Amino acid sequence: MNKHHATTLAEAEKRIAIIGGGSAGMACAATALEGGAQVTLIEHHNIGGAAVHTKKPVQALCEAARQRADIATADKHPAILSGVAQERFEKEAREQLEALLAHPSFTWMAGEARFLAQDTLIVRLNDDSKKRSFRKVRFDRCLIAAGSLPDVPQIAGLGDTPYWTAKEAVSCPALPATLAVIGTSATALALAHAFALLGSRVMLLAHQDAAAHTLLRQQLAADGVVVQAYSEISNISYGREGFTIATGQRECHADRLLVATATLPNTWSLCLDMVGITIDAEGYIPVDEQQQTNLSGVYAAGSCATSCQHTPSVVAGHNAAMHMTR
């Protein structure tokens, strides 16, 4: 630890609030504590964020699928193939949190945060009881690392069906005979490829774009993935025979449906507009090279910030902490 840096912080009594316990938030917390700050980390769902619960398990499943020749047929279940790796990722996240909790200047808060003022958050605490509990968190610096959420398309009937996102796909207990995939995101392509290698008959539904379809067919056809172009999906239903997907003049059928079109930054519930924090048209928070937003003292990192395209979340969280604790 840099002693001069720590002394400066102690004199300033900097309080740092972090919204989100994913890669960026955890990295920021560790670095800020090393710098001598008082840190409060607020996480609404699971520690580790999308990296632990979606991204890494998807990578593990894809890697296992590529090695399918060495896998017994009875073990070709996504939950089995990704489960061991996911348990390791979750264990690593828990150990990281335990190390933070051992620090006297660290506070963990399970709940959902939003801005109340430019220096204050209001947190709705996770509570099993019917009574809602709230707590105010005042800060000198704040990092928004709220992550992202699946961008589920508005298709008639979809919300009434047991469709999968990537999280459900990697934890499914049995391999479906047929799988339809809506989307051409990196996650959609990776999972379509993985399930095809494991033995599912996979149909990838991609919005009509001749150039993209040609490339997709070339990349995926060798592994048995059928790319079906569509101009519009009018309806999706689910029954005894599985999913029925109406695309223009034809219907497609599958045992399971994976929706992996894209993700959206998880910023809409934070009340950023109330304190004057700018977001772009898609909900991303613009930041400068120091990860700072347009509001002095408030930073953003990870998949909710515009820097996510070129700066890894862990690096962004660490960089933000270094500037926040100066």
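Rounded to the nearest 20 debye, the dipole size of the stretch 158-261 about its Cα centre is 160 debye, using +1 on the Cβ of Lys and Arg and -1 on the Cβ of Asp and Glu. Say the cut-off is 23 Å between C-alpha atoms; which of LYS55/LYS136; LYS56/LYS91; LYS14/LYS136 go over it? Long pairs (Cα-Cα over 23 Å): LYS55/LYS136. For the peptides 154-160, 60-66, 244-250, 299-305, the ranking by mean Cβ contacts within 10 Å, running from highest to lowest, is 299-305, 60-66, 244-250, 154-160. Pairs of Cα atoms nearer than 8 Å and 6+ residues apart set the relative contact order; for the stretch 199-326 it is 13 percent. Peptides 184-190, 200-206, 306-312 ordered by packing proxy, namely the average of other Cβ atoms within 10 Å per residue, highest first: 200-206, 184-190, 306-312. Stokes-Einstein diffusion of the stretch 158-261 at 10 °C, 1.306 mPa s viscosity, Kirkwood radius from Cα pairs, rounded to a whole number: 117 µm²/s.
In the stretch 158-261, a dipole from Cβ-located charges (positive for Lys and Arg, negative for Asp and Glu) runs towards its positive end, and of VAL225, GLY199, ALA177 it is GLY199 whose Cα lies farthest in that direction. Structural descriptor for the stretch 158-261: relative contact order 36 percent, calculated from alpha carbon pairs under 8 angstrom and at least 6 residues apart. Once the Cβ-Cβ distance of VAL315 and ALA99 is raised to the sixth power relative to R0 = 25 Å, the FRET efficiency obtained is 0.80.
Just so you know, all these numbers are worked out from the coordinates, no wet-lab data involved. Owing to the predicted nature of the structure, the values given are computational and were not obtained by experimental measurement. Counting neighbours? That spans all protein chains shown, and the Cβs are built from the backbone with ideal geometry, glycine included.
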